[in-house]
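Participant: Before we start, here is the structure in question, set down as C-alpha cells.
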Amino acid sequence: MRRLAIAVFAACAARAAFGQGGPPMITDDPGTPGPGKWENNIAIFEHRPHETAYDLPAIDLNYGVGEHIQLTLQGGPVLLKRSGHGLIGGLGGTEAAVKWRFLDEEKSGFDASMFPRVLFNITQSSVRRGLAEDGTRFQIPFQVAKAFGRFHTDAEFGPLASTLGRSEWIYGIVGGVELAKTTMLMAELHGTSRMNFTRDILTVNVGLRRQLTEARILIASIGHELRDPDHARSFIGYLGVQLLY
C-alpha cells in the first residue's frame, strides 16, 4: 500500500492550465492556483497486481493564498479488492500541505517551490484493513520547473520521514509538450529509495491533459514500475477531472 499512498496523495496544483507536474502525474510542480482561486481534482485510481484499489473519489482541494501560496487537503473513501478476497471499503489516508513558490520564472528564469506535507490516518480501522498506510508520514520536497516554448519540464526531490519504518527519498522528473492549446502530453520517471539510495522503486508514467471547457480539464495517466525490490512491478492508472474556479 506504500506505493498506492504515494501515487494517490501526490499533491496537485498548476498555476497555468497545462503545468506539467501534478495530477495525473506523481511528480509535483511549483504551480499555485492564484489569489482566492480553487483547483480541485476528483479522480478514480487503480493499482495492480494482486490488488485493485479505487478512490470513489479521491478528492484533492487546493486553494490559492496570494500568488505564491497554496493550501492543500486530500483524502476520500477507498475500495480495495485483493486476489481471493472480497471487496472491502473505508476511509483512506489524509494529507494536509502548504506549497510556497519562492522563485518565479519571469524574474529568475525558472520556478522553484517547497511543498511540506503531512500524511495521516483519521481512523485506525483503515490501517488494520489495509486501506491506509500505518503511521504518520512527513515530506519536504522541493520542485523546480522551466518552460521552453511548447516544451515544459520540472523535477522534484526531497525526504520522506515516517513515525514507523525507515526514512526515504522521493524524486521525479516530468517532461511535457503542448500538442495544441487544449492538449498536453507528458512523460515521467518517479522513484522512492532508502536514504542510502538502495531498495529503490522506479516508475515510468505517461499522461494526458485535455481541456474540455474553461473550468474543466480531463486528466489521465498510465504507468508501470520498472524496478521494485519486491519484484511486484505494479501497473498504476489515474483518471479524473480537474475543476478550476
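The values are calculated or read from the model by the stated rules, or taken from the named source; none is laboratory data. Note that the coordinates shown come from a computational prediction; the quantities given were computed from them, not determined experimentally. Note that we place each Cβ from the backbone using ideal geometry, even for glycine, and neighbour counts take in every protein chain shown. In case anyone asks, the SASA skips ligands and DNA or RNA and just uses the protein heavy atoms, side chains included. Shrake-Rupley method; radii C 1.70, N 1.55, O 1.52, S 1.80 Å.
Participant: Given the criteria over 19 Å from Thr27 (Cα atoms) and acidic (Asp, Glu), does Glu214 qualify?
Facilitator: Details: over 19 Å from Thr27 (Cα atoms): yes; acidic (Asp, Glu): yes.
Criteria met by Glu214.
Participant: Continuing with the same structure: For Glu133, all conditions in the list (1) in contact (Cβ under 8 Å) with a residue 40 or more places away in the chain; (2) touching a Lys or Arg at 6+ places or on another chain (Cβ under 8 Å); (3) within 22 Å of Glu156 (Cα to Cα) hold save one; what is the number of the exception?
Facilitator: Glu133 satisfies every listed condition except (3).
Participant: Identify all residues within the range 12-45 that are of a type in the set (Val, Ile, Thr), at pLDDT 90 or above and open to solvent by 10 Å² or more (accessible area, probe 1.4 Å); write none if there are none. Write out each step before concluding.
Facilitator: Within the range 12-45, the first condition is being of a type in the set (Val, Ile, Thr), and the residues that meet it are 26-27, 32, 42, 44.
This time we only want the ones that are at pLDDT 90 or above, so: 26-27, 32.
Of everything in the range 12-45, just one residue is of a type in the set (Val, Ile, Thr), at pLDDT 90 or above and open to solvent by 10 Å² or more (accessible area, probe 1.4 Å), namely Ile26.
Participant: Can you tell me how many residues within the range 46-56 are at pLDDT below 75 and either open to solvent by less than 70 Å² (accessible area, probe 1.4 Å) or among the aliphatic types (A, V, I, L, M) (or both)? Steps first, please.
Facilitator: Of all residues in the range 46-56, those at pLDDT below 75 come to 46-51, 56.
So of that shortlist, the ones also either open to solvent by less than 70 Å² (accessible area, probe 1.4 Å) or among the aliphatic types (A, V, I, L, M) (or both) come out as 46-47, 49, 51, 56.
Count: 5.
Participant: Looking only at the range 187-245, filter to residues that are assigned to a loop (DSSP other than H, G, I, E, B) and of a type in the set (Gly, Ala, Ser); which one of those is surrounded by the most Cβ atoms within 10 Å (Cβ to Cβ)?
Facilitator: If we filter the range 187-245 for residues that are assigned to a loop (DSSP other than H, G, I, E, B), which is where we start, we get 195-200, 214-215, 228-234, 245.
From the residues that got through so far, the ones that are of a type in the set (Gly, Ala, Ser) too are 215, 232, 234.
Values: Ala215: 11, Ala232: 13, Ser234: 19.
So, considering only residues that are assigned to a loop (DSSP other than H, G, I, E, B) and of a type in the set (Gly, Ala, Ser), the one surrounded by the most Cβ atoms within 10 Å (Cβ to Cβ) is Ser234.
Participant: Could you please give the count of residues in the range 80-95 that are part of a strand (DSSP E or B) and either of a type in the set (Val, Ile, Thr) or open to solvent by 50 Å² or more (accessible area, probe 1.4 Å) (or both)? Break it down stepwise before answering.
Facilitator: So in the range 80-95, the residues part of a strand (DSSP E or B) come out as 80-82, 87-91, 94-95.
Subsequent filtering for residues that are either of a type in the set (Val, Ile, Thr) or open to solvent by 50 Å² or more (accessible area, probe 1.4 Å) (or both) retains 81-82, 87-88, 91, 94.
Of the residues in the range 80-95, 6 are part of a strand (DSSP E or B) and either of a type in the set (Val, Ile, Thr) or open to solvent by 50 Å² or more (accessible area, probe 1.4 Å) (or both).
Participant: If I ask for residues that are over 15 Å from Asp28 (Cα atoms) and open to solvent by less than 50 Å² (accessible area, probe 1.4 Å), which ones from the range 109-129 would you list?
Facilitator: Residues satisfying the conditions are Gly109, Val118, Leu119, Asn121, Thr123, Ser125, Ser126, Val127.
Participant: Note down all Cβ pairs under 6 Å where the first residue falls in the range 193-212 and is within 24 Å of Arg166 (Cβ to Cβ), the second is aromatic (Phe, Trp, Tyr) and assigned to a strand (DSSP E or B), and they're at least six residues apart or on different chains.
Facilitator: The qualifying pairs are Ser193/Trp169.
Participant: Moving on to the next point. In the range 163-183, what residues are over 16 Å from Asn196 (Cβ atoms) and in a strand (DSSP E or B)?
Facilitator: So in the range 163-183, the residues over 16 Å from Asn196 (Cβ atoms) come out as 163-164, 172-183.
Listed by number, the residues that qualify are Gly172, Ile173, Val174, Gly175, Gly176, Val177, Glu178, Leu179, Ala180, Thr183.
Participant: Turning to a different aspect of this structure: Looking at Asp134, Asp60, Asp104 in this structure, which one is modelled with pLDDT of 85 or more, of a type in the set (Asp, Glu), in contact with a strand residue (DSSP E or B) (Cβ under 7 Å, 6 or more places away or on another chain) and open to solvent by 20 Å² or more (accessible area, probe 1.4 Å)? Spell out how you get there, then give the answer.
Facilitator: On the way: Asp134 fails: in contact with a strand residue (DSSP E or B) (Cβ under 7 Å, 6 or more places away or on another chain); Asp60 fails: open to solvent by 20 Å² or more (accessible area, probe 1.4 Å).
Testing whether each residue is modelled with pLDDT of 85 or more, of a type in the set (Asp, Glu), in contact with a strand residue (DSSP E or B) (Cβ under 7 Å, 6 or more places away or on another chain) and open to solvent by 20 Å² or more (accessible area, probe 1.4 Å) leaves just Asp104.
Participant: In addition: May I ask you to verify whether Leu56 is more than 23 Å from Gly31 (Cα to Cα) and without any contact (Cβ under 8 Å) to a residue 60 or more places away in the chain?
Facilitator: Values: more than 23 Å from Gly31 (Cα to Cα): yes; without any contact (Cβ under 8 Å) to a residue 60 or more places away in the chain: yes.
Yes: the conditions hold for Leu56.
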